[in-house]
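Colleague: Just dropping this structure here.
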Amino acid sequence: MLLQYSYSIFPLGDSAITIDFGNKVDEEINKAVLDLFQTFKSKPLYGMIEAIPAYSSLSIYYDPSRFKKNILRGKTIQEYVIDETEIFLEQQTSIVVPESRIVKIPVCYDDEFGVDLNKVAKATGVDKNEIIQLHQERSYRVYMLGFLPGFSYMGKIDERIAMPRKAQPEAVVPGSVAIVGQQTGIYPLASPGGWHIIGRTPLKLFDPNTENLTLLNAGDTVTFHPITKEEFFNLLA
Amino acid sequence: MSIRIIKAGVLDSLQDMGRYGWQYLGINPTGAMDKFSSKVANMLVGNDPDEATMEIHFPASIFLFEQTAMIALEGADFFASVNGEPIPSSHPCIVNKNTLLQLQQPSNGARTYLSVKGGFATEEWLGSYSTNLKAGVGGYNGRSLRKNDQVFFRKKNDFSSLLGEKDFMILPWHTDLKWEEDEEKEIFVLPGHEWERLTKRSKDNFLSTSFMITRQSDRMGYRLNNIPLEMISEEEMVSSAVSFGTIQLLPDGRLIILMADHQTAGGYPRVAHIITAHHFKAAQLKAGDEIYFRMTDQRTAEELLMRQQQHLLQLQNACSFKLEEFFNQ
């Protein structure tokens, strides 16, 4: 069933490969990627160090020192790994859609926290309150985590509030809820950021002292709901 | 049992071979920039090569040994001295209690690695002792070292009987296996997935010109000051995994080489990848240095890596033998 999606496998440097299903933000393809990721997690390929799922690709880091000449039969280690991966993919029949959780995220969209709201309103011609309404009225899929520990790439947001990246990244406070293009995300840590900040959540997106480490996982469904400043500070504790 | 920071360096942190297995959560691997030198530093004192070492930049910290220790420095030569007397890098060395280790500006290279026999006792997080500076976890309290920090050793080694009144003792063997010995200035690369999208002129440019490492360079990546490169087609890419040594093309046409603190994924075109066997060469470049790229193939990349690993193994065996001999005398 996985093979209903066409894919290619290409090198990512000399010690990793990427299984690519195309340059797409597509929920069904993303589900296939996550399914494949879970499969590799529970049954790693020989020599695999880790697998990294993204929007529409899955990369595999492997340890070249694990492969002895006698099994290679003249192939490079990478050719061997690609061949083994293809064989494995051909054997995959059904997609086990991992259980998806629904996570509700409280957001304070106050001007003090949504520092770019006015800019977004000006650029899109959409009224500030409408931006907030459009952001919190739909649910979003977490496509992948990356960029920072616990940073979730979520989509897809309403086209009317699509914004390009900032030309220059600006300092961002942890918990900042942001948008760019078709995506929305939450900065888990202080960082320079190129996305537009429209609010802030008191929740911790990344906590190294917890077992789960991150609040969100790829495959989760996320909704946002507005809270007041008072509620924000209460929840922050 | 410890080393104390008397004066803080600009960026000294504990690093090992990196934290793998968690990139799916956006947790970037970090680890030593020059993993080769870190391994050699460990081997010289008989440690597991993957043990955490102190990655040191210039200006470096001033260190006080609160206990005798066997140490080694490997990487760029920082003209180290113990209580004012020079000690060579690439040699194991025993230092006495209450001695000061000072380092100067290297004439060549960017960073050096300090190992201690038995290893440093530091914070492990998700199977690695590397400091994740961004997340603030791992290594020494998740940050670079500051004045008065006390970094403990995992083992108490008492070498006072060997030293007597001496401040230090240099052990009579060393390794020639170092990054500086590599004559080839060029850094080998393999084409990235988006290499073919570069215009012919840009491809030629990439392979025939040298580029300078700008000051906007750090553990996360090196920004190069190349003439802007161009793509045949501009296509926005969705984010996908990248790795140490991946060379990306930024919107302004400039290149960035991803290094140890690289993010797990990115959406910029991947023009090329530095081969693993040459990561250590790239790691010893600093702002102002020139970098030259040469395209190679996968087979060569694998052979060079294997050869490097074999040399390291030979070195490890030689060091174990020498150390055993030394302690049995």
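The values are calculated or read from the model by the stated rules, or taken from the named source; none is laboratory data. Nothing here was measured: the structure is a model prediction, and the numbers come from that model. Cβ: placed from backbone, ideal geometry, glycine included. Neighbour counts: every protein chain shown. Calculation scope for accessible area: heavy atoms of the full protein, side chains included, ligands and nucleic acids excluded. Shrake-Rupley method; radii C 1.70, N 1.55, O 1.52, S 1.80 Å.
Colleague: Please enumerate the residues belonging to the stretch B:291-325 that are of a type in the set (A, V, I, L, M, F, W, C), open to solvent by less than 60 Å² (accessible area, probe 1.4 Å) and under 22 Å from the mean Cα position of the chain (by Cα).
Modeller: B:Ile291, B:Phe293, B:Ala301, B:Leu304, B:Leu305, B:Leu312, B:Leu315, B:Cys319
Colleague: On to the next question. Please state which of the following conditions A:Gly185 fails to meet, knowing it meets all the rest: (1) under 22 Å from A:Asn234 (Cα atoms); (2) buried (at least 22 other Cβ atoms within 10 Å of the Cβ); (3) within 11 Å of chain B (Cβ to nearest Cβ).
Modeller: Of everything listed in (1) under 22 Å from A:Asn234 (Cα atoms); (2) buried (at least 22 other Cβ atoms within 10 Å of the Cβ); (3) within 11 Å of chain B (Cβ to nearest Cβ), A:Gly185 misses just condition (1).
Colleague: Follow-up question, since we're still on this one. Take the conditions open to solvent by 30 Å² or more (accessible area, probe 1.4 Å), modelled with pLDDT of 95 or more and within 26 Å of B:Glu123 (Cα to Cα) and apply them to A:Leu205. Does it pass? Spell out the reasoning first.
Modeller: Working: open to solvent by 30 Å² or more (accessible area, probe 1.4 Å): no; modelled with pLDDT of 95 or more: yes; within 26 Å of B:Glu123 (Cα to Cα): yes.
Judged against the criteria, A:Leu205 is not a match.
Colleague: Name the helices (runs of 4 or more DSSP H) wholly within the stretch A:66-183 that hold at least 1 residues that are modelled with pLDDT of 95 or more and among the charged types (D, E, K, R)? Working first, answer last.
Modeller: On the way: elements: A:69-72, A:77-91, A:117-124, A:128-136.
Filter on the stretch A:66-183 gives A:77-91, A:117-124, A:128-136.
Colleague: Sticking with this structure for a sec: Out of everything in the stretch A:6-33 that is assigned to a helix (DSSP H, G or I) and either under 27 Å from B:Ala277 (Cβ atoms) or touching a Leu at 6+ places or on another chain (Cβ under 9 Å) (or both), what residue ends up being farthest from the other protein chains (Cβ to nearest Cβ)? Outline the logic, then answer.
Modeller: Narrowing the stretch A:6-33 to residues assigned to a helix (DSSP H, G or I): A:27-33.
Retained after the next criterion (residues that are either under 27 Å from B:Ala277 (Cβ atoms) or touching a Leu at 6+ places or on another chain (Cβ under 9 Å) (or both)): A:32-33.
Numbers: A:Ala32: 15, A:Val33: 10 Å.
It comes out as A:Ala32.
Colleague: Would you mind telling me which numbered condition in (1) open to solvent by less than 40 Å² (accessible area, probe 1.4 Å); (2) in a loop (DSSP other than H, G, I, E, B); (3) within 23 Å of B:Arg154 (Cβ to Cβ) B:Asp50 fails?
Modeller: (1)
Colleague: Scan B:Leu285, B:Leu305 and give me the residue that is aliphatic (A, V, I, L, M) and free of Cβ contacts under 8 Å to residues at least 40 places away in the same chain.
Modeller: B:Leu305
Colleague: With surrounded by 16 or more Cβ atoms within 10 Å (Cβ to Cβ), in a loop (DSSP other than H, G, I, E, B), out of contact with any Asp or Glu (no Cβ under 6 Å at 6 or more places or on another chain) and touching a residue at least 60 places away in the same chain (Cβ under 8 Å) as the only criterion, which of B:His273, B:His262 stands out? Steps first, please.
Modeller: Numbers: B:His273 fails: in a loop (DSSP other than H, G, I, E, B).
The match here is B:His262.
Colleague: Could you please find all residues in the stretch B:1-21 being closer than 15 Å to B:His262 by Cα, within 15 Å of the chain's Cα centre (by Cα) and open to solvent by 10 Å² or more (accessible area, probe 1.4 Å)?
Modeller: B:Met17, B:Gly18
Colleague: More than 14 Å from every other protein chain (Cβ to nearest Cβ), assigned to a loop (DSSP other than H, G, I, E, B), out of contact with any helix residue (DSSP H, G or I) (no Cβ under 6 Å at 6 or more places or on another chain) and modelled with pLDDT of 95 or more, is that true of B:Arg215?
Modeller: Working: more than 14 Å from every other protein chain (Cβ to nearest Cβ): yes; assigned to a loop (DSSP other than H, G, I, E, B): yes; out of contact with any helix residue (DSSP H, G or I) (no Cβ under 6 Å at 6 or more places or on another chain): yes; modelled with pLDDT of 95 or more: yes.
Against the criterion (more than 14 Å from every other protein chain (Cβ to nearest Cβ), assigned to a loop (DSSP other than H, G, I, E, B), out of contact with any helix residue (DSSP H, G or I) (no Cβ under 6 Å at 6 or more places or on another chain) and modelled with pLDDT of 95 or more), B:Arg215 qualifies.
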